[in-house]
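Peer 1: Let me begin by handing over the structure; questions about it come next.
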Amino acid sequence: MISTHTIIDHITSTYPDIVIKLTWGETALFYNPGHQRRHGVYFATLKDHDGANDTASHLNRDTVYRFAFGLPITIYTQLFGPRPRRPTRGHTVSMLHDFTVCNQLMPHPVYAWMGWVQILSPDATTYQTLQPLLMESHMNAQKKFARRTTNPADE
């Protein structure tokens, strides 16, 4: 298993304009060039504990953390099929995945409806295989940021 610090260091040194914020009890990585926006656009998150509305991955286990990031909808659909419906507050998406499995990319148990994926406690080899997806995620965040900067009402 690689550490959350290794992931954060890799992302911030590889992808330009990433801003780190602690929010909602997790480390959030936003795309926000020049700090132009209040928060920017979510790029990825790291979380190591369950929340009131997010317990499906059992993050309270020793050494387990979630690395999550958003994908363009076309790529998410290629990997996992159609996005599920948005779950009601405190529930998970309706999908046939064991959201507690470590070192396996899968839909996010709460935010899959938005095209987000998760991997629990990836090892270095698995993390390396995610690099093309992270590149797509970064490009997607750039596009969203550009739209929001052009159309501030979209935020």
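The values are calculated or read from the model by the stated rules, or taken from the named source; none is laboratory data. These numbers were taken from a predicted model, which means no experiment stands behind them. Backbone-built Cβ (ideal geometry, glycine too); neighbour counts: all protein chains shown.
Peer 1: Among the residues of the stretch 141-153, is any of a type in the set (Ser, Thr, Tyr), part of a helix (DSSP H, G or I) and modelled with pLDDT under 95?
Peer 2: The answer is yes; a qualifying residue exists.
Peer 1: Among the listed residues 92, 125, 149, 100, which satisfies the condition of being among the polar types (S, T, N, Q), without any contact (Cβ under 8 Å) to a residue 60 or more places away in the chain and out of contact with any strand residue (DSSP E or B) (no Cβ under 9 Å at 6 or more places or on another chain)? Break it down stepwise before answering.
Peer 2: Working: 92 fails: out of contact with any strand residue (DSSP E or B) (no Cβ under 9 Å at 6 or more places or on another chain); 149 fails: without any contact (Cβ under 8 Å) to a residue 60 or more places away in the chain; 100 fails: out of contact with any strand residue (DSSP E or B) (no Cβ under 9 Å at 6 or more places or on another chain).
Residue meeting the stated conditions: 125.
Peer 1: When you scan the stretch 19-39, do you find a residue that is out of contact with any helix residue (DSSP H, G or I) (no Cβ under 6 Å at 6 or more places or on another chain), of a type in the set (Phe, Trp, Tyr) and not in a helix (DSSP H, G or I), even just one?
Peer 2: Within the stretch 19-39, one or more residues are out of contact with any helix residue (DSSP H, G or I) (no Cβ under 6 Å at 6 or more places or on another chain), of a type in the set (Phe, Trp, Tyr) and not in a helix (DSSP H, G or I).
Peer 1: Okay, next question. For the stretch 76-133, give me each residue that is among the aliphatic types (A, V, I, L, M), assigned to a helix (DSSP H, G or I) and touching a Leu at 6+ places or on another chain (Cβ under 9 Å). Let's see the steps before the verdict.
Peer 2: Step one: of the stretch 76-133, the residues among the aliphatic types (A, V, I, L, M) are 79, 93, 95-96, 101, 105-106, 110, 112, 114, 117, 119-120, 124, 130, 133.
Keeping just the survivors that are assigned to a helix (DSSP H, G or I) gives 79, 112, 114, 124, 133.
79, 133, listed by residue number.
Peer 1: With at pLDDT 95 or above, more than 14 Å from the chain's Cα centre (by Cα) and under 20 Å from residue 103 (Cα atoms) as the only criterion, which of 71, 79 stands out?
Peer 2: Working: 71 fails: more than 14 Å from the chain's Cα centre (by Cα).
Matching residue, one of 71, 79: 79.
Matching residues to (1) under 18 Å from residue 28 (Cα atoms); (2) of a type in the set (Gly, Ala, Ser); (3) touching a Cys at 6+ places or on another chain (Cβ under 9 Å):
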| position | (1), (2), (3) |
| --- | --- |
| 60 | no, no, no |
| 70 | yes, yes, no |
| 95 | no, no, no |
| 102 | no, no, no |
| 124 | no, yes, no |
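Peer 1: Applying the selection to the stretch 13-36, what residues are over 21 Å from residue 143 (Cα atoms) and either in contact (Cβ under 8 Å) with a residue 24 or more places away in the chain or under 13 Å from the mean Cα position of the chain (by Cα) (or both)? Steps first, answer last, please.
Peer 2: Residues of the stretch 13-36 that are over 21 Å from residue 143 (Cα atoms), as a first pass: 22-27.
Once the filter is applied, which keeps residues that are over 21 Å from residue 143 (Cα atoms) and either in contact (Cβ under 8 Å) with a residue 24 or more places away in the chain or under 13 Å from the mean Cα position of the chain (by Cα) (or both), the stretch 13-36 yields 24, 25, 26, 27.
Peer 1: Scan the stretch 40-75 residue by residue and report those that are of a type outside the set (D, E, K, R) and in a strand (DSSP E or B). Break it down into steps so the answer makes sense when it comes.
Peer 2: Keep residues of the stretch 40-75 that are of a type outside the set (D, E, K, R), which gives 40-46, 49, 51-53, 55-60, 63-65, 67-75.
Correct list: 41, 42, 43, 44, 45, 46, 51, 67, 68, 69, 70.
Peer 1: Which residues, taken from the stretch 57-78, are among the aliphatic types (A, V, I, L, M) and either loosely packed, with under 13 Cβ neighbours inside 10 Å or more than 13 Å from residue 112 (Cα to Cα) (or both)? So that I can check it myself, show each step before the final result.
Peer 2: Initial filter on the stretch 57-78 (among the aliphatic types (A, V, I, L, M)): 59, 64, 68, 71, 73, 75.
Correct list: 59, 64.
Peer 1: Among the residues in the stretch 14-21, are any surrounded by fewer than 19 Cβ atoms within 10 Å (Cβ to Cβ) and more than 23 Å from residue 149 (Cβ to Cβ)?
Peer 2: No, because not a single residue in the stretch 14-21 is surrounded by fewer than 19 Cβ atoms within 10 Å (Cβ to Cβ) and more than 23 Å from residue 149 (Cβ to Cβ).
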